[in-house]
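The values are calculated or read from the model by the stated rules, or taken from the named source; none is laboratory data. Note that the structure is a prediction, hence the values are computed from the model and not measured. Quick reminder, even Gly has a Cβ in these numbers, built from the backbone with ideal geometry, and neighbours come from all protein chains shown. When the accessible area is computed, the model is the full protein with side chains, heavy atoms only, and any ligands, DNA or RNA have been set aside. Shrake-Rupley method; radii C 1.70, N 1.55, O 1.52, S 1.80 Å.
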Amino acid sequence: MTTSSSERGVSLGMPELPAPAYPDDVRARLETDAREIIARYPDSRSALLPLLHLVQSEEGHVTRTGMQFCADVLGLTTAEVTAVATFYTMYRRRPSGDYQVGVCTNTLCAVMGGDAIFEELQEHLGVGNGETTDDGKVTLEHIECNAACDFAPVVMVNWEFFDNQTPESAKRMVDDLRAGRPVSPTRGAPLCTFKETARILAGFPDEREGAVEATGSAGPASLVGLKLAKGEAPARVVHPRGEAPRDTAPHEPSPAEHLSSHDAPQDTAASDPSHPSPTTAREGEAAPRPSDPAGPTAEEGE
Amino acid sequence: MTLAPELKDTSPEKLLAPVLSAFWDEDESWTLDVYRRHDGYEGLRKALAMSPDDVIAYVKESGLRGRGGAGFPTGMKWQFIPQGDGKPHYLVVNADESEPGTCKDIPLLFANPHSLIEGIVIACHAIRSSHAFIYLRGEVVPVLRRLHTAVREAYEAGFLGENILGSGLDLELTVHAGAGAYICGEETALLDSLEGRRGQPRLRPPFPAVAGLYACPTVVNNVESIASVPAIMHRGKEWFRSMGSEKSPGFTLYSLSGHVASPGQYEAPLGITLRQLLEMSGGMRPGHRLKFWTPGGSSTPMFTDEHLDVPLDYEGVGAAGSMLGTKALQCFDETTCVVRAVTRWTEFYAHESCGKCTPCREGTYWLVQLLRDIEAGKGRMSDLDKLNDIADNINGKSFCALGDGAASPIFSSLKYFREEYEEHITGRGCPFDPAKSTAWADHRTEVNA
């Protein structure tokens, strides 16, 4: 069908060729990790979420190659893997920055200043939601409630906590990230890259010295009740805010400015041929397979 | 808002009861050494000396109820597991804490992960399970690090692995990081996710106790529920029952957040009131008053300053028309626009709807469209009834509780703040200045004064 349609000059969309494989050395290394992950579960399919974190740790996002790898080691179709990879928000579908800066804009953080922080960071970095700075360092996005409401407003960087933020503190933080200065969260370990974070999520413990101990037992807000119960004076939480935010006219965001990231269908790596897997050869060089029943649908190919 | 006469004693020492949080202020509180200095793994020794059925009966008699929102008796959940069925049994701990406002399990696991691990071993002894899972939401890497470490410590010390403390119990514990999906906090969606699928809820029956993980009998418990078990075993069910009320006994973590002077975790007997918590902790931020609050996250119908004296236990909050939920007390003052707050929560539900059932998938979408119009001053009066109508078509008619949760803020805000919605419509816009709600708003005013 495709041949005849292209002969007629009618573009009905070519079925996409199978994803290229990882280079042999990468594949061998990932297979060793994959075996360790699969061994944790009574049923191998349970390893799919950690395996997707693993392939994300290799390439920084979940590529078609990564999904093919997961399908191969688990005996699944690429359709089954793609269905899962596109369901969860932590799997990125395109190349992104070394540092994922997520501003909580769920109600409580938004009201406490998260909206203002997100607004000012977009302006400061010159990027919109889900976009990456030109230097490839910072990907900015708004995120949902991250279970730290007593530290609002909260910003997460590579899923470490930056509590009690202001527009000023957040801008300083992204400037430091872009300048390569070391940045530490208020709760969590000194930042590693997004890829290194993804490897921890795949279930491989952070081996860095001091990473587990960093920032102590509990954040200040976590201790407020305990201190009161022990008869210590009500402790006002000390916010690491630095100077007051600069005096700007209050911004009144229209509701339309906060668009849910699920409002529009997102491209998947599979449907995004302009962003092929960075560690592998161009798609056209891979050996074509006559048919890939699990491959993307025809309308995505065009 | 008159002060109840019996509230004379607001001394925090008497009103609070730190158990799980008792040593979070010590150095390296998350380590096995510190945990054992505070009687860690003593409850396990006691439990292992008892028969599994006796442990289940003991936890049942303690009256412990689920801390994840629904309040189902924990011991009864364990009792539902069929025994002698020849199938593997599983314990799955729900550490997918994602309900807006809820922030208790994450600090608990960060500062005291061994309380959960000890509770897991006790629960697995009781339900005769040899493999347990902790399903931790992925977006909390600092907690994941400490769980990895704590599990390794527990294996090395013989609290996990083969023949635990010579009891003959073998137990493997797997820490599993999720990948970002609120719906996975729903227990059957969590099980699908743990099986490597999209996190979508399952039709019940069969319930997880009969056909859960890999279609085997499975108990799914919240972190705080399981972490409370070691203290009950060690200090006794009578001690536990000496706190709280007859039907809601024990201690629990209350999470105070928003426009309050001292946001944070407050561990107290069930039944404390928001007024008591605010009085001991400095109240609302200076110069402001409480406008609305949630007793247990955004999915629990909101309260107002009329409800300051509602006892925060399962019955008390239920009788006042809401749910105890996760005891996430999100407090908003008079600077906050309730339409903005509800719009944002509704956007969250629309974002997180898994798409499996029509009422939730379509209903949350249309709620967002209507709410955005109202907030932008483009709404009509008839939209308010339409909001109620759509919420009514979601509530009780969707596949899982996420849909019911989405309807809660709509119903309750229209009940208490219908005039504010109308103001947005007649005034063709939002009368509030969002800058005044920020954490730094008053600080800025002082600087400029």
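Of the numbered criteria (1) open to solvent by less than 30 Å² (accessible area, probe 1.4 Å); (2) touching a strand residue (DSSP E or B) at 6+ places or on another chain (Cβ under 7 Å), the one A:Pro42 fails is (1). Filtered by the rule that a residue be among the polar types (S, T, N, Q) and closer than 17 Å to A:Gln165 by Cβ, segment A:93-138 gives A:Gln100, A:Thr105, A:Asn106, A:Thr107, A:Gln122. The residues of segment B:17-30 that are more than 17 Å from B:Ser255 (Cα to Cα) and open to solvent by less than 20 Å² (accessible area, probe 1.4 Å), listed by number, are B:Phe23, B:Ser29, B:Trp30. Taken over segment B:206-231, the criterion of being on the phi > 0 side of the Ramachandran plot and either touching a His at 6+ places or on another chain (Cβ under 9 Å) or in contact (Cβ under 8 Å) with a residue 40 or more places away in the chain (or both) is satisfied by B:Tyr214 alone.
Just so you know, in segment A:138-156 the residues that are within 13 Å of the chain's Cα centre (by Cα) and within 16 Å of A:Gln122 (Cβ to Cβ) include one that is nearest to the other protein chains (Cβ to nearest Cβ), and it is A:Ile143. Of the residues making up segment B:343-373, those that are buried (at least 24 other Cβ atoms within 10 Å of the Cβ), more than 8 Å from every other protein chain (Cβ to nearest Cβ) and not aromatic (Phe, Trp, Tyr) are B:Thr346, B:Ser353, B:Cys360, B:Gly363, B:Thr364, B:Leu367. For B:Glu28, indicate whether it is modelled with pLDDT of 95 or more, outside any helix (DSSP H, G or I), at positive phi and assigned by the TED database to the domain that holds B:Ala181. For B:Glu28, the condition - modelled with pLDDT of 95 or more, outside any helix (DSSP H, G or I), at positive phi and assigned by the TED database to the domain that holds B:Ala181 - is met. Which residues, taken from segment B:157-185, are within 14 Å of chain A (Cβ to nearest Cβ), open to solvent by 10 Å² or more (accessible area, probe 1.4 Å) and in contact (Cβ under 8 Å) with a residue 60 or more places away in the chain? B:Ala181, B:Tyr182, B:Gly185, listed by residue number. Residues being within 13 Å of another protein chain (Cβ to nearest Cβ) and not polar (S, T, N, Q): count how many of those fall in segment A:104-134. The number of residues fulfilling the criteria is 14.
Highlighted here are the helices (runs of 4 or more DSSP H) found entirely within segment A:164-230 that include at least 3 residues which are more than 8 Å from chain B (Cβ to nearest Cβ) and under 20 Å from the mean Cα position of the chain (by Cα): A:167-179, A:194-201.
For segment A:184-197, a residue qualifies if it is open to solvent by 20 Å² or more (accessible area, probe 1.4 Å) and touching a residue at least 60 places away in the same chain (Cβ under 8 Å), and the qualifying residues are A:Leu191, A:Thr193, A:Lys195, A:Glu196.
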